[in-house]
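The values are calculated or read from the model by the stated rules, or taken from the named source; none is laboratory data. Because the structure is a prediction, the values reported are computed rather than measured. All Cβ positions, glycine included, derive from the backbone under ideal geometry; neighbour counts span all protein chains shown.
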Amino acid sequence: MNNNDLVAKLWKLCDNLRDGGVSYQNYVNELASLLFLKMCKETGQEADYLPEGYRWDDLKSRIGQDQMQFYRNLLVQLGTDEKKLVQAVFHNVSTTIEQPKQLTELVSYMDALDWYNGNHGKSRDDFGDMYEGLLQKNANETKSGAGQYFTPRPLIKTIIHLLKPQPREVVQDPAAGTAGFLIEADRYVKSQTHDLDDLDGDTQDFQIHRAFIGLELVPGTRRLALMNCLLHDIEGNLDHGGAIRLGNTLGSDGENLPKAHIVATNPPFGSAAGTNITRTFVHPTSNKQLCFMQHIIRCAVKPRPSGRGYKARFSD
């Protein structure tokens, strides 16, 4: 079964959950948690990310109220896990599913899906692409929640292909949303390096842990972005809880971001309340896009004489 079919089948379940009070936005969050567990199971990475006793089969083996309570405990456990990346993904996460029957239905349905293409299982990137499809579905259904942070992927792909990120270049998105720009930049580099196999070990490690940095203001959206990065094998700086940091670009968090060779972003437009802009800019303004432009200029690595550059024009 291909990814489009899987996305359609998973999304169809949302209709049933909505009858129990689970919104589109919450449904994506529920799927993010369960998809992570299932991804670890299908790709043989449970030992890398999940403690024993809190894995897919442990959840699947239970039913009813026992399963519901176990799932709640699992989310708490992962939110305090010793692995910083897992902790960041599940920090303060809880389930909005209230009826045990609905959880059992969702787990059973996901477990019964054909996760294979022919004789080949799903790769980590396959799960990531499927997750991107779910984010796109959510964006199409609603412009609230994470939907308003979803930049159309064809636009992102065009921008990244113009920028042509290279190995060992730092790519930053100071308004990360669900991390679309970073995912596409990673995909571009992999397409030029045979999935990083052409690179030496140190450069491969750089691409996984240091090449991509994002900052997101909204905790729930940051969580979706972290999951997106993780499913695409972008772990980021583990000392900062992954590739996507939580914070305000127009405050001290933005000042603390490292320099970048490429800044690819779709910043928020309009005016910001004065309390949201706490950085001192050369040109003080309440215009958010102009503040973001000043951030981009300030954080960009000075290009080499043979370097490349692009600019955007904002209008009020």
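If you go through the range 204-223 and keep only what is loosely packed, with under 15 Cβ neighbours inside 10 Å and either at pLDDT 95 or above or of a type in the set (D, E) (or both), you end up with just D205. Using beta carbons and a limit of 8 Å, which pairs, at least six apart or on different chains, have the first residue in the range 188-199 and in contact (Cβ under 8 Å) with a residue 24 or more places away in the chain and the second one among the small types (G, A, S) and surrounded by 15 or more Cβ atoms within 10 Å (Cβ to Cβ)? Listed by first residue and then by second, the contacts come to V189/A211.
Remark: F206 matches the filter, which requires a residue to be part of a helix (DSSP H, G or I), more than 23 Å from M39 (Cα to Cα) and of a type outside the set (D, E, K, R). Counting the residues of the range 238-285 that are surrounded by 14 or more Cβ atoms within 10 Å (Cβ to Cβ) and part of a strand (DSSP E or B) gives 7. Among the residues of the range 9-65, just one is acidic (D, E), under 16 Å from E98 (Cα atoms) and buried (at least 17 other Cβ atoms within 10 Å of the Cβ), namely E30. In summary, F181 fulfils each of the numbered conditions (1) of a type outside the set (V, I, T); (2) surrounded by fewer than 24 Cβ atoms within 10 Å (Cβ to Cβ); (3) touching a residue at least 12 places away in the same chain (Cβ under 8 Å) with the single exception of condition (2). Given the residues L196, L182, which is the only one that is within 30 Å of W56 (Cβ to Cβ), modelled with pLDDT of 95 or more, assigned by TED's automatic domain parsing to the domain that holds N276 and not in a loop (DSSP other than H, G, I, E, B)? The match here is L182.
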